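Notes follow once the structure below has been shown.
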Amino acid sequence: MKRRTLLKTLAALPAASMAGQLWAAPASKTRLLFVFMRGGYDATSLLVPVSSQYYYQVRPNIAIPKTAALPINADWGLHPILGETIYPLFTAGQVAFVPFAGTEDLSRSHFETQDSIELGQALDRSRDYRSGFLNRLASTLNGDRASAISFTDQLPLIMQGGLQVPNTALRNVSKPAVDPRQARMIAAMYDHTALSQQVRDGFVVREDVMKEVTGEMVAANRNAVSAKGFELEARRIAKLMKDKYNIGFVDIGGWDTHVGQGGATGYLANRLEELGRGLSGFAQEMGPDWKDTVVIVVSEFGRTFRENGNRGTDHGHGSVYWVMGGSVQGGKVHGEQVRLEQPTLFQNRDYPVLNEYRAMFGGLLSRMYGLNTGQVEKIFGTQGRDIGLV
């Protein structure tokens, strides 16, 4: 291979170098999948404030009718599009919702607020942009208890840090640009160098992932099942997490609904349906391991309580987080809450943040992994707050 071809090939490879112990079976049964809805989803359409008359006044075109919302309690209902996917898990006590959740970041900027969440660091202190909180979690668990992976094209901020973490996208798995013979040649070029083990392990990651999904892809094509959409990706993630990884990350775009958001049907409903199918498919694929699995679903912020002039919503503040799993204390709405009327809105437009995400995640991870106060503070720079999610 010519040097130029080699360099281009290496640049195209997934960033998958890591320490060898990542390929051992996870020592801890507890599995965590973090799902990031990028774009700031309209949480008010997911968890519908059915007891708020003000909600129906300020959303004349996009409100979810009280009669259509799936019943949760006297104050809340669930978007009807999730009736066959998430709602059965909720009624089985395996899904919980936390409204008024979010960060202290008031920028309403997608990128800045996403960074804030992924860093998991205080806004009023110097921040290390090379250290994401899932990487710090895996490091705190000392590696032998945590094998982490990001199911993305590029390694996200949340997974960057001192522990090397592989990343590989599973939505569109295709034939690799480098065949096994070329992989061996490239690896041989790095023999007896500082990068030798990383290069070899990088090829191992890619080859192993391909083996896991190739059989499933053949069956899908034969039965005319589309490879598009989050459900197939989520089932692939479940297969890998059952065998090799216990901390995973995946992100999903398409949630920035300034125009034509829709209500019980329409654009947002379609996105929620796709997400619901994927998450319920992940739960099904995990099988008995679902009882030892926790899925956290977040977005960088919520959206304005009022609809705008384009029958959409604009960037907001507080959001609704989801927590799912076989041992989650589900079937209820958790955390501090307030009745949603005009006087209780943040800056007269948004959900307030009453359940700060670092404290909430700190409490949740402490329960999941038995972390002490010092370990939680190492990850989030603050003490955890247990709101009874697990």
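In whole Hz, with x marking every Gly and Pro, tabulate ³J(HN,Hα) for the stretch 68-83 from phi via Karplus 6.51 cos²θ - 1.76 cosθ + 1.60, θ = phi - 60°.
8, 5, 6, x, 10, 7, 5, 9, 10, x, 10, 3, x, 5, 9, x
Return D128, D292 ranked ascending by Cβ neighbour count within 10 Å, so the fewest neighbours appear first.
D128, D292
If packing is taken as the average number of other Cβ atoms within 10 Å across a peptide's residues, how do 362-374, 90-102, 152-164 rank, most packed first?
90-102, 152-164, 362-374
Which of rounded, prolate or oblate describes the stretch 262-390 when judged by the alpha-carbon gyration tensor and an a/c cut-off of 1.5?
Oblate shape, in that a/c is at least 1.5 and b/c is the bigger or equal ratio.
Amide H of S299: which non-local residues (sequence gap of 5 or more, or other chain) have their own amide H closer than 5 Å, using H built in the peptide plane?
Residues meeting the criterion, in which the H sits 1.01 Å from N, are M37.
Treat the count of other C-beta atoms within 10 Å as a stand-in for reagent exposure and order T344, T304, T293 from fewest to most.
T344, T304, T293
Near the amide H of F100, under 5 Å away, which other amide H atoms are found, from residues 5 or more places off or on another chain, if H is placed in the peptide plane?
S319
Values quoted throughout were computed directly from the atomic coordinates according to the rules given, and no laboratory measurement underlies them. Bear in mind the structure is a predicted one, so any value in this text is a computation, not a measurement. Here the Cβ is made from the backbone with ideal geometry for all residues, glycine too, and neighbour counts use every protein chain on show.
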